[in-house]
1. Looking at the structure I just gave you, is C:Phe230 more than 14 Å from every other protein chain (Cβ to nearest Cβ) and either farther than 30 Å from C:Gly318 by Cα or touching a Pro at 6+ places or on another chain (Cβ under 8 Å) (or both)?
2. For the range B:126-146, give me the residue count where each residue is facing chain A (nearest Cβ under 7 Å) and either out of contact with any helix residue (DSSP H, G or I) (no Cβ under 9 Å at 6 or more places or on another chain) or in contact (Cβ under 8 Å) with a residue 40 or more places away in the chain (or both).
3. For the range A:35-86, what are the residues that are more than 30 Å from B:Ala123 (Cβ to Cβ) and within 14 Å of chain B (Cβ to nearest Cβ)?
4. Condition first: at the interface with another protein chain (Cβ under 8 Å from one of its Cβ atoms) and in contact with a strand residue (DSSP E or B) (Cβ under 6 Å, 6 or more places away or on another chain). Now tell me which residues in the range C:46-58 satisfy that.
5. Can you report the number of residues in the range B:193-238 which are at negative phi and over 33 Å from the mean Cα position of the chain (by Cα)?
6. What about A:Val210, is it farther than 30 Å from C:Leu168 by Cα and under 20 Å from the mean Cα position of the chain (by Cα)?
7. Against the condition more than 8 Å from chain A (Cβ to nearest Cβ), surrounded by fewer than 22 Cβ atoms within 10 Å (Cβ to Cβ) and either touching a residue at least 40 places away in the same chain (Cβ under 8 Å) or part of a helix (DSSP H, G or I) (or both), how does B:Thr164 come out, does it pass?
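The values are calculated or read from the model by the stated rules, or taken from the named source; none is laboratory data. Just so it is clear, the model here is predicted, and its values are computed rather than measured. Counting neighbours? That spans all protein chains shown, and the Cβs are built from the backbone with ideal geometry, glycine included.
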Amino acid sequence: MTSTVSATRTRTPSSSLRGKSQHRKRMWAPWALLGPFLLLFILTFALPIIIAIGESFTKVTRHGIFGEKGVTTEFAWFSNYAQALANGNFIASIGRMLLFGVVQVTVMIAACTVLALLLESASARWPGFFRAAYFLPYGIPGVIATILWSFLYVPGLSPLIDIAGMFRIQLDFLGAGTVLWSIANIVTWTYTGYNMLIIVAQLKAIPTDVYEAAKVDGAGPWRVARSIQLPLIRPALVLTTVFSIIGTLQLFAEPQVLQSVAPAIDSEYTPNLSAYTTAFAYNDYNVAAAQAVLIAAVAFILSFTFLRLTNRSSK
Amino acid sequence: MTAPATTLAPPAAPTKPAPTMKRHGRPGASRSSTIVVTGILVVVAIYFLVPVYWVIVAATKSTKDLFATNGFLFAGHFSLWDNLGKVLTYDNGAFVRWFLNSLLYAGVGAAVATYFAAAGGYALAKYEFRGRNVVFGTILGGVLVPGTATALPLFLLFSQLGLTNTYWSVLLPSLVSPFGLFLCRIYADATDDSALLEAARIDGAGELRIFHTVGLRVLTPALVTVFLFQLVGIWNNYFLPLVMLSDTNLYPITLGLNNWRSQVDRLPEFYQLTTGGVLLSVIPLAIAMIVLQRFWRGGLTEGAIK
Amino acid sequence: MNSAPVIRPASGEKVTLTYWAWLKDLQNVCDIWNAKNPNVQVNAVWIPGGNGGGYQKMHSALAAGGGPDLAQIELRTIPEFMLVNGLVDLARYGAKDYADRFDKTLWGQVSFVDGVYGIPQDSGPMGLYYRPDLLQKVGADAPKTWDDWAATAAELRKAKIYIDCFPLADPSWFTAVATQAGASWLKVDGDSWTINMTDDATLNTARFFDKAIDKDLVTTAYAGFSTPWFAAAAADNIATLTSASWGDALLEGVSGGKGKWRVAAMPTWPKGGYGSSYIGGSTAAVLANSKHPKEALEFAIWMQTSKEGIDALIKNCGIGWSPDRDYIGKQREQPSAFFGGQNYNEEVFLPATHEQNPDWSWWPITQQSFNILADGFRKKSSGGTLVDAVAQAEKNIITAFRNKGLSIRKVES
């Protein structure tokens, strides 16, 4: 998929010189164009990762009861990683995120696919209104969405709990077993509309003759959905899933904001929260760096594996 | 949370269905299926709009009423203007300052990021040079690494450089969009503008000039997508400013509102500030989303997955 | 920085000090000083409460080589900042000359290894806030002992009211009650720390509340002064709250609570133990990168020992309890309208300050220790016990100490 710039030129005496200087210009031009991006990329992506790896192999030891007798920095081999992995809370947080991801991503992708199909079907009225309504939450930052939903979760303030109470149903959104799914609800609420639009976009790109052919063959709407639409929106589904996986491992704002009303959320509830607490509450920057490296590695491996798997099966 | 990408309109777009036919040329649906489908869509719409309705109602109440009345019903006393007035004036207009900060970080950040991503993507697509694949591969790796994993080490780096707690500490990382560059490259690759480029070269234009005149024009649909994607991403970012900023004057609206919310247990008047503030921030965002959703163009990105 | 030469006070030129705190309206207090001291101006900056982000801000500012001159740091967090060399030893600037102005227990909690690392600002002597009307429903009075408390709680449950909440996620409450029973978990012994969390006082307290939670005498769904707690209090579902003196200002946030609450002495343990305990309490500390420690110390001393400073702190910021040995503040000498005319400060809290456990000291990883304890407490809702949580937490805290390179050993009582 490359478009090579044509390199052949008729060599005339006057143009050959111009050809050489043009060629030289074209040698540094791509680097000039890439320059600003690359510089910033190195500063904000590459360097931090290198620093994180460096910090994760360093250790600080203290002498005296408060470290007043001296502090030494030394090479730590893998002790920070060992400490990070020995931290039951950190491991639990990764496990929790995997469970969360499997359930929430599946439910969300299924929901937005169904919604996209419904919205694009001939039976839907006012599609513009629904698209706007579903897309609206995407513009609301996670922090603000969580503040909103927290008011809907707290007993005494929540109209949902009040209404359920009228039907004698006890709802507990913030208990130990339910708070994870209350967080999943916030994430689903925020991103379903957005993902749905991506799938709608791909649905719109399906040529009409495909549908014509199906109609001629006598296929009903279910058959059309299953055999035509789903396979053809596959690339969009893969893309949204990969980014949802990456997003799951980054979960931070939602649990942190809910912490004050949900005692079940400890300060290491998600991997990012754990790294943040380790760095800024316990002042263990080295262990936190090890955690950050581990999180990045897991995210990378998961996404890469998923992409590989879906690529292989599509061949 | 970084969200999935948007897709681009490929140069050869599929033909749009004729306006007289129903969507995609399929026959019209029966009445009962219309009712069922629309019914489902309405219920789902209620789910998405409930919190917005709640905050509209809540912002009209005083703290006392907030606790005393049902969340979905209005209270006897209408305090909306009172609350909004407090929100806008509290702490010498802190709310307005935070909103402007968010506009700065997101607006300027997204604009510059789009420009750099376009330049980089264009360069990778239109030129053959040594190291091209290595550069692209590295940048692609950057797409798969979560931003929050780099925020902590970035904090350590910026503290050494003395950049923490400044506008740059949030702006600089926002100017880099690996996914934007990726999208621009795909789009530039799929665009066949070699004739235009040749013509410009023969006219003696320099390479950079060619990019700014021809390249940017051709890439425009992709630019819009990248800009919007980056805009929303920066606006919603919470972890990076949380780690970098301690001066409340530099806070974006996300940090500012959370700051207010964290005081509710100590000072009950913050309930009104929080609900009012949330309402005032949600309204412009809601309008922006409703207007912008039509700019998210359709298309295929099969190449993006490979 | 504490081994560097002492910084001389500024001579003649104007000095501006920054003060990071989460006290409300602190600038009003600073302005009183500012008016009288044109050469030393103090600028207050609001930050979120320590454990809600304030300490993180301070740590990141210190790590970046900056930070304010003064900061509000709770008594229990002083050793944590000492561990990162974040505090100026004020004894080097003459702080010990003022020791006799302060409550002895508080001064003890800011003094370590011959140094003084914070100026006590407020403290939290504990008492029992209660609703006489709700207790009357079951014919009870304010409980005087914990056993009375348990009996009253059982009666209240029949009326579908909870006597109090037990915060599983915030062990500082449990710690305060164990302290009241006589516990003293961590101590400095020469060059190392010693820990004993499984003494009788702690285990008896844990057993008591294990039973209380099992019998549903208290609710574990929320902590005091949280949003769900305010909602429950406004709905008359909570009858008492054992808490610190600074709770009085927070209690005024209960919707419709005016005139309904009174204060009594904290319930006591049958054998041994103390009359009261303390939760919370802050200091004004001078941070390591300050360029004017002497001026900062003088301001802090003025604010926390002069009559006008204390009165201003109470009036504007609603501080918990004056740290001054002799003066509790003009406002606190009056009866209170919210508490139905009861002069609760002189009746309850002033005597309470003389009945506190003086042996308690804080340690360098308090926040992490509390998180460890909270993790153990959380298991209570899935079948664990508080007793097991305490024993396990002790082991994990020892590991955390060693991971930081500090030496610690377990002692038996």
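1. Answer is no for this residue.
2. 3
3. A:Gly54, A:Glu55, A:Ser56, A:Phe57, A:Thr58, A:Val60, A:Thr73, A:Asn80, A:Ala84, listed by residue number.
4. Within the range C:46-58, C:Ile47 is the sole residue that qualifies.
5. Result for the range B:193-238: 9.
6. Working: farther than 30 Å from C:Leu168 by Cα: yes; under 20 Å from the mean Cα position of the chain (by Cα): no.
Here the answer is no, as A:Val210 does not meet what is asked.
7. no
This table checks each residue for (1) of a type outside the set (D, E, K, R); (2) without any contact (Cβ under 8 Å) to a residue 24 or more places away in the chain; (3) under 30 Å from C:Ala223 (Cα atoms).
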| residue | (1), (2), (3) |
| --- | --- |
| A:Ile147 | yes, no, yes |
| A:Leu152 | yes, yes, yes |
| A:Thr190 | yes, no, yes |
| A:Asp209 | no, yes, no |
| A:Glu212 | no, yes, no |
| A:Ser227 | yes, yes, no |
| A:Arg234 | no, no, no |
| A:Leu239 | yes, no, no |
